[in-house]
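Reviewing the structure listed below.
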Amino acid sequence: MRVVALNSSPRMEKSNTSLILNPFLEGMKEAGADIELFYTKKLEINPCRGCFYCWVKHPGKCYHKDDMAMLNSRLRDAEIWVFATPVYCDGVTGLMKNLMDRMIPLVEPFIEIRDNHCRHPIREGTKRDKVVLISNCGFWEMDNFEPLLVHMKAFCKNIDREFAGALLRPHGEALRPMMKMGIAIDDIFEAAREAGKELIETGKISRERLYQISRPLLPKDTFVQLANQMFQQWMDYWKEKIAEG
């Protein structure tokens, strides 16, 4: 089974998003999946021009000659897409949104009624299977993911793929400090790994795994206090550096 994973965090492998994504991919690989991981920051992906070049002039081929041609080819052949993004302004990062806009060549310009709703037909040769979302949020509450979930589920309906679940990590900025302090949070990463195995072996991810990944790390008031202290320390550090010239 082919899997294309897209990490759109600007911090790439050092991101909190990767702390959940990487063990998830490891679990998929252990179950026999063929994994390709791309960091959108490393790719040349120009913004969509809205010119319909890929629909009417050269169907399936974009005007831009950049890395999206390679990526769309990989996406067409993959059974599972993994979209990994931190929450930025209640949605995906700009890097991820840019990529999603450029996936338009995977569909045709014509309109069909699918599930009693107007949609674009999927271009012939593009597989229809599953999409998984992995996301990290700096705020404490789970409901901060709701706008992102609405967007991704709508995207899946338009691209005619099953939304197979979301691995969500609220107050993710606490992960690395807690790891440095030796606080036991390995169960979260193990749950992500098992979720990857489950998806390949059964086609589903259990609610128990998803809850474990999202479990509270510390009380909300404590999180707010520690986060504010951390940012104040950073600000004081740079204020001192700037004063030093």
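For Gly138, the test of being in contact (Cβ under 8 Å) with a residue 24 or more places away in the chain, touching an Asp or Glu at 6+ places or on another chain (Cβ under 8 Å) and surrounded by 14 or more Cβ atoms within 10 Å (Cβ to Cβ) is passed.
Looking across Leu210, Leu167, one residue alone is part of a strand (DSSP E or B), among the aliphatic types (A, V, I, L, M), assigned by TED's automatic domain parsing to the domain that holds Leu106 and surrounded by 10 or more Cβ atoms within 10 Å (Cβ to Cβ). It is Leu167. Take region 199-208 and flag every residue that is touching a helix residue (DSSP H, G or I) at 6+ places or on another chain (Cβ under 7 Å) and in contact (Cβ under 8 Å) with a residue 40 or more places away in the chain. Across region 199-208, the qualifying residues are Leu199, Ile200, Lys204, Ile205. In contact with a strand residue (DSSP E or B) (Cβ under 8 Å, 6 or more places away or on another chain), hydroxyl-bearing (Ser, Thr, Tyr) and either surrounded by fewer than 21 Cβ atoms within 10 Å (Cβ to Cβ) or within 23 Å of Glu146 (Cα to Cα) (or both) - does that describe any residue in region 56-63? No - not one qualifying residue is present in region 56-63. Of everything in region 1-32 that is among the basic types (Lys, Arg) and not in a loop (DSSP other than H, G, I, E, B), the residue that is modelled with the lowest pLDDT is Lys14. In region 1-32, of all residues being buried (at least 20 other Cβ atoms within 10 Å of the Cβ) and over 15 Å from the mean Cα position of the chain (by Cα), the one that is farthest from Thr126 (Cα to Cα) corresponds to Gly27. Against the list (1) basic (Lys, Arg); (2) at pLDDT 95 or above; (3) under 19 Å from Asn16 (Cβ atoms), the condition Lys180 fails is (2). Taking Ala192, is it closer than 30 Å to Phe231 by Cβ, in contact with a Pro (Cβ under 6 Å, 6 or more places away or on another chain) and either free of Cβ contacts under 8 Å to residues at least 12 places away in the same chain or in a helix (DSSP H, G or I) (or both)? For Ala192, the condition - closer than 30 Å to Phe231 by Cβ, in contact with a Pro (Cβ under 6 Å, 6 or more places away or on another chain) and either free of Cβ contacts under 8 Å to residues at least 12 places away in the same chain or in a helix (DSSP H, G or I) (or both) - is met.
Considering every residue within region 68-77, establish whether at least one is outside any helix (DSSP H, G or I), modelled with pLDDT of 95 or more and under 27 Å from Glu124 (Cα atoms). No. Is it the case that region 81-94 has a residue that's assigned to a loop (DSSP other than H, G, I, E, B), without any contact (Cβ under 8 Å) to a residue 24 or more places away in the chain and more than 23 Å from Ser9 (Cα to Cα)? No, because not a single residue in region 81-94 is assigned to a loop (DSSP other than H, G, I, E, B), without any contact (Cβ under 8 Å) to a residue 24 or more places away in the chain and more than 23 Å from Ser9 (Cα to Cα).
Among residues that are touching a residue at least 12 places away in the same chain (Cβ under 8 Å) and more than 15 Å from Leu25 (Cα to Cα), Lys220 is included. Thr85 passes every criterion in (1) surrounded by fewer than 18 Cβ atoms within 10 Å (Cβ to Cβ); (2) touching a strand residue (DSSP E or B) at 6+ places or on another chain (Cβ under 6 Å) apart from (1).
In the condition set (1) surrounded by fewer than 15 Cβ atoms within 10 Å (Cβ to Cβ); (2) closer than 30 Å to Thr202 by Cβ; (3) modelled with pLDDT of 95 or more, Phe38 is compliant with all but (1).
The values are calculated or read from the model by the stated rules, or taken from the named source; none is laboratory data. From a predicted model like this one, the values you see are computed outputs, not experimental measurements. Note: ideal-geometry Cβ built from the backbone for every residue, glycine included; neighbour counts use all protein chains shown.
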